[in-house]
Amino acid sequence: MNLYEAVYARKSVRCFAKEAVSGKTIESIRKFYQEMEGLFGGIETELVILENRKEKRSFMGFASVKAPYYLALYTSNQEKCMMNAGYVMQQLALYLCSRGLGSCFVGMNVLRPRLRKRGDKILACLLAFGKSKGSYTRKPVDARRQDLKELCIFKEKPRLWMTQLLEAARLAPSSMNSQPWRFVVYDNRIHVFSRKYKAKSGQLGRGTELNFGILFSNMMVVAEELWLDVDLIRLDEMNQKKYPNSQYVLSVILRA
């Protein structure tokens with residue numbers, strides 16, 4: 001299984017075996033992280049792999065999902081850092097799936113407060129992982145996600161590649177399965193919005209921003225597999241408009 005296949009097959013795993021993951025696999029995770037590119041340049045991140053196979057409680061707080069291992073991603077605290085973190089961590093989740101491992105995004109309270117910072121970086125997100133009890137994959141039809149007709153406004157008939165990108169976006173995991181995204185679809189571009197936007201600051205909340213990073217990770221993995229030359233761009237003309245029930249995020253545009 002490669003990353004593209006994992007986009008459609010991966011599911012969140014909440015029940016793990018205590019079985020050890022090989023040192024070779026752990027090292028491959030580090031190497032994969034070191035070689036990947038983030039969504040935005042200039043944002044520093046650091047990945048820490050924590051072992052909890054014997055349930056040592058020295059670093060653990062409250063954990064709704066108990067796993068033998070956790071990936072902790074730390075980031076410099078700057079604009080769009082959480083979206084970038086979601087993008088990076090989702091690629092790691094897909095990579096774990098491709099290696100036969102289950103994973104699940106978990107809340108920050110898994111780690112004790114003293115470990116939620118690392119130098120000048122803040123904890124961005126956590127991913128529980130290990131060998132799953134039961135299946136770590138599912139068929140796309142079994143995913144509890146809204147249908148594309150509920151998520152999209154189609155201004156033009158989409159090309160086949162557009163439908164594949166939208167399906168990858170539809171299957172993206174989100175906190176509490178909130179699926180905050182909405183899409184306005186044209187022939188060669190997708191405008192991405194966040195629904196029910198309420199913040200007065202003009203910025204997405206940190207959790208919502210993380211969700212959109214996960215979304216864009218799925219879309220870009222599929223774009224790469226299909227050899228599509230795609231840009232993620234924030235368009236000024238879209239950004240300047242007022243939307244009563246949503247917030248413009250980015251546009252996915254196919255280069256001519």
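The values are calculated or read from the model by the stated rules, or taken from the named source; none is laboratory data. Since the model is a prediction, treat every value here as computed from it, not as a measurement. Quick reminder, even Gly has a Cβ in these numbers, built from the backbone with ideal geometry, and neighbours come from all protein chains shown. SASA here: full protein model, heavy atoms, side chains in, ligands and nucleic acids out. Shrake-Rupley method; radii C 1.70, N 1.55, O 1.52, S 1.80 Å.
Quick look at the numbers
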{"read-out": "Given (1) small (G, A, S); (2) touching a helix residue (DSSP H, G or I) at 6+ places or on another chain (Cβ under 9 Å); (3) farther than 24 Å from L171 by Cα, index of the condition S76 fails", "value": "(2)"}
{"read-out": "Pairs, first within 14 Å of S194 (Cβ to Cβ) in the stretch 224-245, second in a loop (DSSP other than H, G, I, E, B) and open to solvent by 90 Å² or more (accessible area, probe 1.4 Å), C-beta under 9 Å, six or more apart", "value": "N245/K196"}
{"read-out": "Test for L215: is it part of a helix (DSSP H, G or I), free of Cβ contacts under 8 Å to residues at least 40 places away in the same chain and crowded, with 16+ Cβ neighbours inside 10 Å", "value": "no"}
{"read-out": "Any hit, the stretch 71-80, residues being among the aromatic types (F, W, Y), crowded, with 18+ Cβ neighbours inside 10 Å, under 19 Å from the mean Cα position of the chain (by Cα) and not in a loop (DSSP other than H, G, I, E, B)", "value": "yes"}
{"read-out": "Cross-chain or 6+ apart pairs with Cβ under 7 Å, the stretch 4-31 first and of a type in the set (K, R), then open to solvent by 70 Å² or more (accessible area, probe 1.4 Å)", "value": "K18/R53"}
{"read-out": "Residue count for the stretch 218-229, restricted to those that are part of a loop (DSSP other than H, G, I, E, B) and of a type in the set (G, A, S)", "value": "0"}
{"read-out": "Residues of the stretch 230-256 that turn out to be farther than 16 Å from L166 by Cα and either open to solvent by 10 Å² or more (accessible area, probe 1.4 Å) or assigned to a loop (DSSP other than H, G, I, E, B) (or both), as a count", "value": "17"}
{"read-out": "Qualifying positions in the stretch 113-162 - of a type in the set (A, V, I, L, M) and under 19 Å from I214 (Cα atoms)", "value": "I122, L123, A124, L126, L127, A128, A143, L148, L151, M162"}
{"read-out": "Failed condition for V7, given (1) modelled with pLDDT under 95; (2) within 22 Å of L232 (Cα to Cα); (3) open to solvent by less than 40 Å² (accessible area, probe 1.4 Å)", "value": "(1)"}
{"read-out": "Failed item, numbered, when G38 is tested on (1) without any contact (Cβ under 8 Å) to a residue 40 or more places away in the chain; (2) open to solvent by less than 70 Å² (accessible area, probe 1.4 Å)", "value": "(1)"}
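To keep it simple, each residue is scored yes or no on (1) over 20 Å from E19 (Cβ atoms); (2) at pLDDT 95 or above.
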| site | (1), (2) |
| --- | --- |
| G86 | yes, yes |
| Q91 | yes, yes |
| R99 | no, yes |
| R118 | yes, no |
